[in-house]
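Below is one structure, written out as structure tokens; comments come after it.
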Amino acid sequence: MKIKGGIDFFENGLTTNVRAMHLQTEILGILNANINGFDKVGYQRKDPVVSSFAEYIGVHALSTAVSDEVGRISTTNNPLDLAIGGKGYFQYSGPDGTKLTRDGRFKLDRNGYLLTGENFNVLSNNGMPVKLPFAPEKLEDIKINRNGDLSVLNKKTGKLEYVATLAVVTDQGVAVLEPNVKQGYNEYSNVSMNTEVLEIIPVKRNFEANRQMFILQNNNLSKAISELGKT
């Protein structure tokens with residue numbers, strides 16, 4: 001017994017060119033988002049990934065991969081500004097559950113809770129919100145070491161009191177053993193403007209090539225229809 005199988009796929013060139021232009025437009029959107037995120041704290045570059053059969057399924061073949069390379073680290077001298085010197089993320093409690101971020105611009109509320117810039121609770125390595133036992137006289141009384149251990153100076157005893165260890169995890173939620181937390185620093189994006197510009201050039205060329213093919217085929221089709229109308 002002989003079994004034959006296969007896939008037959010027929011469509012006009014106009015549809016193929018439109019699909020290709022749509023795909024290139026979406027890729028340009030990803031690259032432009034990287035450029036716009038160049039000066040954003042905690043932003044991570046997104047790489048466009050095109051799978052097989054993109055010529056048939058268009059934008060459905062497009063996905064993104066997040067670059068986990070460390071970005072540009074700059075000093076701020078604000079004790080509640082934190083950067084991660086290696087790979088990993090801070091954890092915080094968002095409206096839809098636990099979230100991850102590399103944006104370490106934190107603050108304290110009046111109750112002593114450590115919050116993100118969007119007022120969400122920063123989490124410790126035991127999954128609980130980080131809360132100081134008392135309000136420090138100044139932010140400089142808060143000390144955070146490389147492991148993420150947060151302590152606060154007790155003026156009554158003159159000693160640092162351990163509060164909690166900040167949760168620093170991988171994108172899979174696994175604890176990072178040596179996070180290299182830097183107090184008084186911000187991490188800006190890991191985007192390279194030169195890389196983004198070089199990535200955009202071939203995408204624009206592909207878009208323009210498909211656009212020219214679309215115009216050519218459309219003109220030929222219009223002429224053919226016009227000639228048929230004369231007969």
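Can you give me the % of accessible surface on the chain that is carbon or sulfur? Probe 1.4 Å, all protein chains present, nothing else counted. Don't jump to the answer; show the numbers that get you there.
On the way: 7480 of 14300 Å².
Carbon with sulfur: 52 percent of the solvent-accessible area.
Between residue 143 and residue 96, take the C-beta separation as r, use R0 = 41 Å, and let me know the FRET efficiency to the nearest 0.05.
That pair, residue 143 with residue 96, gives E of 0.80.
With a probe of 1.4 Å, find how much accessible area the chain has per residue, and write the answer as a whole number in Å². Can you show the working numbers first?
Details: 14300 Å² over 231 residues.
On a per-residue basis, the chain sits at 62 Å².
With charges only on Cβ, +1 for K and R and -1 for D and E, what is the dipole size of the chain about its Cα centre, in debye, rounded to 20?
100 debye
Tally Lys and Arg at +1 and Asp and Glu at -1 over the other residues with C-beta under 11 Å from the C-beta of residue 78: what net charge comes out?
Its environment carries a net charge of 0.
Which translational diffusion coefficient, to the nearest whole µm²/s, is obtained for the range 47-206 from the Stokes-Einstein equation, given a Kirkwood hydrodynamic radius over C-alpha pairs, 20 °C and 1.002 mPa s? Walk me through the numbers before you get to the answer.
Values: Rh = 17.7 Å.
Reported coefficient: 121 µm²/s.
Return the subset of 46/99; 131/156; 99/138; 159/182; 131/159; 99/156 for which the Cα-Cα distance in this structure is over 27 Å, preserving the input order.
From the list (46/99; 131/156; 99/138; 159/182; 131/159; 99/156), the Cα-Cα distance tops 27 Å for 99/138; 99/156.
Using 0.36 nm per residue of separation minus the Cα-Cα distance, give me the extension gain between residue 162 and residue 174 in nm, one decimal.
Length gained, residue 162 through residue 174: 2.0 nm.
Once you place label points 7 Å from the Cα toward the Cβ at residue 60 and residue 118, how far apart are they in nm?
Distance between the two pseudo-spin positions: 3.1 nm.
Modelled label-to-label distance, residue 224 and residue 155, 7 Å Cα→beta-carbon offset: nm?
Once both label points are built, they end up 8.5 nm from each other.
For the pair residue 111 and residue 75, how long in nm is the line joining their label points, each one 7 Å along Cα→Cβ?
It works out to 3.6 nm between the two label points.
The values are calculated or read from the model by the stated rules, or taken from the named source; none is laboratory data. Just so it is clear, the model here is predicted, and its values are computed rather than measured. Here Cβ is always computed from backbone atoms with ideal geometry, including for glycine, and neighbour counts include all displayed protein chains. To get the accessible areas, we keep the full protein, side chains included, count just its heavy atoms, and leave off ligands, DNA and RNA. Shrake-Rupley method; radii C 1.70, N 1.55, O 1.52, S 1.80 Å.
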